[in-house]
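First the structure, in the form of structure tokens, and then the observations on it.
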Amino acid sequence: MQPVERDFLTEEEVLKIKNKKIIVERLGIVRDAFVLACFTGLSDIDIKQLRKQNIITGVDGEQWIYANREKTNIISKIPLLPEADKIIKKYSSYFHLRETGYIIPVPSNQKVNAYLKEIADLAEITKNLTFRFARHSFATLALNYGMSIESVSKMLGHNQIRTTQIYAKVTEEKIAKEMAAFKNRKKKA
């Protein structure tokens, strides 16, 4: 069986999108939903269905997302990074939340992916950007920053670690960091 290749954004690319000034409201909303997914690992449908009651105080006293994944019906428990929390707070008084109960007014997947191509152009990202990149980017970056595959798997709402391993891209930066740690341990021996 051929290994599945998943495209992802580097941290620099995620930040380019996050920090890009966008004045067109529909693009700004999609950008925010995409960036929220990059910092939570939620899929487009899970972001679309995110409600205020999914944001709770976790075991550490910090804000967490507790939400059932649409695809697997498994609960994802995700501590909110400051970037994700900021986006959720931005939409807390938005008319969409008052009218529907959902935090971000995410359009259809087809529109989202079309808008993401516009956003990629604005942010000078050359990859063929789709919403799937956000989830893949979250998983890859979390694993490369040293988060355990078990924790990433739990946050992604996967049934099996094997599913999460698809995202386990070993970047050159991770190899360099681990080799440096190995060299340091070897010197001490």
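Details
- Value in Å of the Kirkwood radius, where segment 94-167 supplies the Cα pairs that are averaged: 14.5
- Each of Lys183, Lys177 was scored by other Cβ atoms within 10 Å of its Cβ. Arranged with the fewest first, they read Lys183, Lys177.
- Convex hull volume per residue for the chain, taking Cα atoms only, in Å³: 154
- Rounded to the nearest 20, the size of the Cβ-charge dipole of segment 11-188 about its Cα centre is 420 debye, with Lys and Arg at +1 and Asp and Glu at -1.
- For segment 50-57, 3J(HN,Hα) per residue [Karplus equation, 6.51 cos²θ - 1.76 cosθ + 1.60, θ = phi - 60°, Hz, x = Gly/Pro]: 5, 10, 4, 5, 7, 9, 10, 7
- With the simple spin-label model, which puts each label point 7 Å out from Cα in the Cβ direction, the Ile161 to Leu27 separation comes to 4.4 nm.
- Between Ala114 and Asp7, the distance separating the two model label sites (each 7 Å from Cα on the Cα→Cβ line) works out to 1.9 nm.
- When each of Lys86/Lys174; Lys18/Lys117; Lys127/Lys177; Lys52/Lys117 is checked by Cα-Cα distance, pairs over 20 Å: Lys86/Lys174; Lys127/Lys177; Lys52/Lys117
Computed from the coordinates by the stated procedures, all read-outs in this text should not be read as laboratory data. Just so we're clear, the structure is a prediction, and the values are computed from it rather than from any experiment. Neighbour counts run over all protein chains shown; Cβ positions are idealised from the backbone, glycine included.
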